[in-house]
1. In whole Hz and in residue order, list the ³J(HN,Hα) couplings for the stretch 103-117 that follow from phi through the Karplus curve 6.51 cos²θ - 1.76 cosθ + 1.60, θ = phi - 60°; x for Gly and Pro.
2. Between 60, 223, 309, whose Cα lies farthest towards the positive end of the dipole of the chain when Lys and Arg beta carbons carry +1 and Asp and Glu beta carbons carry -1, centred on the Cα centre?
3. What number, in percent, do you get for the relative contact order of the chain if the mean sequence gap of Cα pairs under 8 Å and at least 6 apart is divided by its residue count?
4. Within the stretch 210-236, name every residue whose backbone N is under 13 Å away from a label modeled 7 Å from Cα of residue 260 along the Cβ vector.
5. For the stretch 223-237, just list the computed ³J(HN,Hα) in residue order, Karplus coefficients 6.51, -1.76 and 1.60, θ = phi - 60°, integers in Hz, with x standing in for Gly and Pro.
6. In the full protein assembly as shown, how much of residue 21 is accessible to a 1.4 Å probe, in Å² to the nearest 10?
7. Output wanted: per-residue J couplings in Hz (rounded whole) for the stretch 63-71, from phi through Karplus 6.51 cos²θ - 1.76 cosθ + 1.60, θ = phi - 60°, x for Gly and Pro.
8. List the pair-distance distribution P(r) of the stretch 174-215, using every Cα-Cα distance, as the percent of pairs falling in each 10 Å bin from 0 up to the bin containing the longest distance, rounded to whole percents.
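The values are calculated or read from the model by the stated rules, or taken from the named source; none is laboratory data. What you see is a predicted model, and the numbers here were worked out from it, not measured in a lab. We place every Cβ from the backbone using ideal geometry, glycine too, and count neighbours over all the protein chains shown. For accessibility, only protein heavy atoms count, side chains too; no ligands or nucleic acids. Shrake-Rupley method; radii C 1.70, N 1.55, O 1.52, S 1.80 Å.
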Amino acid sequence: MTVLDQSLSEHFARVALGHVTRPFPTLPALVLRSANDLHLPQDIHPIFFGSLDWHSCVHGYWLLTRLLRLFPDFSARNSIEDLFAKQFTAANVMAETEYFSIPLHHGFERPYGWGWVLQLSAELQNHPVLGGYHQTFSPLAARIAELYRNFLPVASYPVRVGTHYNSAFSMSLSLDYAEKESDSVLHRLIRQKALEWFSNDAACQAWEPCGDEFLSPSLVEAALMARILGSEQFTAWFDTFLPDLDKGLPATLFTPAEVTDRADGKIAHLDGLNLSRVWCWRQILAKLPESWPARSRVHKACDIHLHASLPHVTGDYMGEHWLATYAVMALQD
């Protein structure tokens, strides 16, 4: 299996540095109260205006932060430090935070962008190089955490699609923040909802992928439950949830998605699906016993999925503005 070494990390960092402050092309998600609200994304979002869309920009910064934690002396260090010094100012963070104070914006980027904001905050905490920005960034993270705490009690049903609206993926990202910030209320709500929504799921058919999914609805659910349950509980739940994995079923989970046009932003999502499946499997396998019968089959599937999409992280901007994040997630233990 390919490993995330310094050379590959340098490559991914150069890619991210090339798009997090690139203003165009852009795909703004705007709710306009009047014509006065119509502005360019960089005027509304002084930090997260690049990378085609807001959420991709957020996790582009997470990518740079994570790589700098793993390789604090690599050549991109000075560029990343300069970028944060310019972008992560108190004024810019306040502008991003105040955007969410408008009632019509309370659902902006829910839940995918929310999860990535909280994941970025968790990554900044105690960071060996960028740790000083954790406090600066905290007002935005605290605001998102507040919105999440308000939202989960009224969310009666999960969203299971393999796109930005997926409930389980965002909840998984947000758990790190809840744990690191000792946000016991958010942690409790995520755990409660995960058990309420998913604990009785059985014999998953894994009808995936759909044509524009970058997440596996079945595996992101399982990865969340791996975070929520103890090892024995999770093993019992998982064997009920996907009971025929030792037979190679559902076959779709062992078969990479075919990407026919990487210049098409929706079809390019499928490269993300291949990479995110590996990320999910790593978390799932970590909670299962070494004797789990499908382990070798899953390891082979991970290799096949990486081979299918890792070479295509760069090459077209429709994938290049976000796929490196998922490559790092897939490759890092």
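1. Taking θ as phi minus 60°, the curve returns x, 5, 9, 4, x, 4, 6, 8, x, 4, x, 4, x, 6, 4 Hz for the stretch 103-117.
2. Of the listed residues, the answer is 223.
3. 17 percent.
4. Within reach of a label on residue 260, which here means backbone N under 13 Å from a point 7 Å along Cα→Cβ, the stretch 210-236 contributes 211-212.
5. 5, 5, 5, 5, 6, 8, 9, x, 4, 5, 4, 5, 4, 5, 5
6. Its accessible surface works out to 60 Å², give or take rounding.
7. 4, 4, 5, 5, 5, 6, 5, 6, 9
8. All Cα pairs considered, the percentages come to 24, 30, 33, 13.
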